[in-house]
Amino acid sequence: MTVDLTSRYLGLQLASPIVASASPLTGEIDSLRALEEAGAAAVVLPSLFEEQLEHDQVELHSALEYGAHSFAEALTYLPEMDDYNTGPDAYLEHLAAAKEALSIPVIASLNGVTPGGWTRYAELLQQAGADAIELNVYAVETDPYTSAAGVEERTLRLVSSICSSVTVPVAVKVGPFYTSFANFAVRLADARADGLVLFNRFLQPDIDLETLTVVPRLHLSSNDELRLPLRWLAILHGRANISLAATSGVQTTEDVVKLLLCGADVVMVASQLLRAGPGLIRELTDGLGEWLGEREYASVEQLKGSMSQLACGNPRAFERAQYVRALVGFSPRDVAGQAERARVPDDSPA
Ligand SMILES: Cc1cc2nc3c(=O)[nH]c(=O)nc-3n(C[C@H](O)[C@H](O)[C@H](O)COP(=O)(O)O)c2cc1C
């Protein structure tokens, strides 16, 4: 029996649920081609950052509305960004070249938080052929006078201004740190976002003890990080009228299956692709087909959300009760077991 691997995300009919997330691999035409050949159902390009766009206009807007505190700081990082992505013109050229080279959907990414002039770039991305736009709203709120409600309102205004300026679908990539995330997710859907990408990884700075400077550190993810999106996908599936994408910690076919079971429409991969190369996409896609076939699933659709909070027999499994159970049920002997398992390589004979 052939398994139907197709999945619908942001209104796009995709050949499978495996998508290449934004990373340097999607920033080059050769690696984009290799991702498509390996079976990627869609690709997300690296972000075009608010800080790269219309400095004067954004600066004025920020100063008027929020105080200029964060903008000068952001600009100091710009030289480092030059290597990653060289600004709006080069971005639009890369997008157009990606569209030319690929036949799978190409999702462009905007990365910023303030509603303002830079958001008109969404229109330019659409004109350059983007099949959808991913809006990454990474922010670190440091002002003690900015409330959580204020941050949410600002994001909702940004989302609705972008959604009203384009006709292609818009997904919002968010971090997990909202006090009432389910409520915010539903309000993003009300602001006309077509999809949610869960979750942005917050890269924490470190201290270099030699130079006594604060340094950015980018660690590739491990699949322990999967469990945060897993929980929230399960909670949101069926509750908000919005597509759901999982990102963070995807390495294996089993990871893909778990996220689909909880309600992901697509599963995005970046870190493990950087480690293993584009061929990983083929491995995950074939692995998913085999996993489903062996268990007599006819399609990805049949699997999707079948262990979401609404569908599973034990809805409290995703709530506080599970936390209490994990703590109360913990035995110091588990630590010895974990250490022992960590010492034994996965592929050694049992
Ligand atoms: C080197 C690198 C560059 C990235 N660049 C972007 C980016 O430009 N925009 C974005 O939204 N996410 C970016 N990400 C985040 C990934 O798209 C992804 O959401 C995140 O790494 C979690 O997925 P993973 O665990 O598979 O790596 C980047 C990640 C890495 C490792």
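Computed from the coordinates by the stated procedures, all read-outs in this text should not be read as laboratory data. Only a predicted model underlies this, so the values are computations on that prediction, with no experimental measurement involved. No Cβ is skipped: glycine too gets one built from the backbone with ideal geometry, and neighbour counts run over all protein chains shown.
Net charge near Ala298, counting Lys/Arg +1 and Asp/Glu -1 over other residues with Cβ under 15 Å of its Cβ? Please list the in-between numbers first.
On the way: positive: Arg295, Lys304; negative: Asp4, Glu290, Glu294, Glu296, Glu301.
Residues close to Ala298 contribute a combined charge of -3.
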Net charge near Leu233: determine it from the other residues with C-beta under 13 Å of the C-beta of Leu233, scoring Lys and Arg +1 and Asp and Glu -1. +3
Max mean-square fluctuation residue, GNM over the chain, Cα-Cα springs under 10 Å, options Asp194, Asp334, Asp131: Asp334
The relative contact order of the chain, taking Cα pairs under 8 Å that sit 6 or more residues apart, comes to a percentage of 18 percent
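For the range 263-337, just say rounded, prolate or oblate: build the C-alpha gyration tensor, square-root its eigenvalues into a ≥ b ≥ c, call rounded for a/c under 1.5, and beyond that prolate if a/b exceeds b/c, oblate if not. Provide the component values of the computation, followed by the final result.
Working: a/c = 2.33, a/b = 1.40, b/c = 1.66.
Because a/c hits 1.5 or more and a/b fails to exceed b/c, the range 263-337 counts as oblate.
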Please list the non-local residues whose amide H lies under 5 Å from the amide H of Val174, H modeled 1.01 Å from N, same-chain partners needing a gap of 5 or more. Val197, Asn200
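Rounded to the nearest 500, what is the 222 nm mean residue ellipticity of the chain from helices alone, with -39500 (n - 2.57) per DSSP H run of 4+ residues and division by all residues?
Numbers: 15 runs with 147 residues, N = 350.
Result for the chain, helices only: -12000 deg cm²/dmol.
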Note on the range 7-311, DSSP bridge orientation, antiparallel percent to nearest 5 equals 20 percent
Compute the acute angle (0 to 90°) between the alpha-carbon long axis of helix 55-65 and the principal axis of greatest extent of the alpha-carbon atoms of the chain; round to the nearest 10°. 80 degrees
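Using a ≥ b ≥ c from the Cα gyration tensor of the range 215-334 (square roots of the eigenvalues), is it rounded, prolate or oblate, where a/c under 1.5 gives rounded and otherwise the larger of a/b and b/c decides, a/b for prolate?
On the way: a/c = 1.60, a/b = 1.11, b/c = 1.44.
Judged from the Cα gyration tensor, the range 215-334 comes out oblate (a/c at least 1.5, b/c at or above a/b).
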If the elastic network links every pair of Cα atoms under 10 Å, which of Val172, Val19, Val328 fluctuates the most in the Gaussian network model of the chain? Val328
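Order by neighbour count: Ile29, Ile104, fewest other Cβ atoms within 10 Å first, most last.
Placing the least packed residue first, the sequence is Ile29, Ile104.
First obtain the Kirkwood hydrodynamic radius of the chain from its Cα pairs, then insert it into the Stokes-Einstein equation at 37 °C and 0.692 mPa s, and state the resulting D in µm² per second as a whole number. Present the calculation step by step, with values, prior to reporting the outcome.
Details: Rh = 21.4 Å.
For these conditions, the coefficient is 153 µm²/s.
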Which ordering of Trp232, Trp291 is given by a fewest-first count of other beta-carbon atoms within 10 Å? Trp291, Trp232
If the cut-off is a Cα-Cα distance under 27 Å, which lysines reach Lys258, setting aside same-chain residues fewer than 8 apart in sequence? Lys173, Lys304
With the chain treated as a Gaussian network of Cα nodes joined by springs under 10 Å, which of Gln251, Gln204, Gln13 yields the largest mean-square fluctuation? Gln204
Name the longest site-free stretch of the chain, where the excluded sites are GluC sites (Glu not before Pro) in a DSSP loop with no more than 15 other beta-carbon atoms within 10 Å. 29-140
